[in-house]
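Participant: Structure provided below as structure tokens; questions to follow.
The values are calculated or read from the model by the stated rules, or taken from the named source; none is laboratory data. This is a predicted model, so every value here is computed, not measured. Note that we place each Cβ from the backbone using ideal geometry, even for glycine, and neighbour counts take in every protein chain shown. Areas reflect the complete protein model, heavy atoms only, side chains present, ligands, DNA and RNA absent. Shrake-Rupley method; radii C 1.70, N 1.55, O 1.52, S 1.80 Å.
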Amino acid sequence: MSALQALFRRTASRTPTSSTLSYLRNSASQPRRTFAASAVLAAEQDADPSQSSTTRGEALIRQKLQNKFNPSRLDVQDVSGGCGTFYAISIASSAFKGLTMVKQHQLVQEELKKEIEGIHGLQLKTAVDS
């Protein structure tokens with residue numbers, strides 16, 4: 001018998017403790033919550049624009065990108081629940097014409113270098129104006 005098989009037999013034969021059983025009973029009755037950034041984005045896009053509020057981080061990023069790339073389309077959303085740690089950015093600009101997607105992303109990231117230092121994640125979608 002291998003060491004792994006022996007370990008499996010030892011742990012499989014253990015009876016669950018009362019705290020484990022309590023956790024399993026409670027978690028089984030609770031609905032599971034899942035998070036998907038795309039679901040948050042969809043919900044925010046469907047929301048009434050007059051009811052939405054822009055965070056300071058969104059406004060700063062939007063202003064910097066607007067000034068640098070003069071985009072025809074620019075969406076900046078804080079998808080971290082308002083704490084400013086994860087942003088989803090979608091931008092379309094003629095400034096990206098002739099550039100690879102990697103180069104487009106590099107240009108945006110370079111423009112937001114200072115802001116990116118303080119955040120956890122960035123979802124970036126770029127496009128060329130048609």
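Participant: Can you name every residue in region 91-107 that is within 10 Å of Thr126 (Cβ to Cβ), in contact (Cβ under 8 Å) with a residue 12 or more places away in the chain and open to solvent by 80 Å² or more (accessible area, probe 1.4 Å)?
Facilitator: Met101
Participant: Would you check which residues across region 108-130 are at pLDDT 95 or above, under 12 Å from Phe69 (Cβ atoms) and surrounded by fewer than 16 Cβ atoms within 10 Å (Cβ to Cβ) and list them?
Facilitator: Passing the criteria: Glu110, Ala127, Val128.
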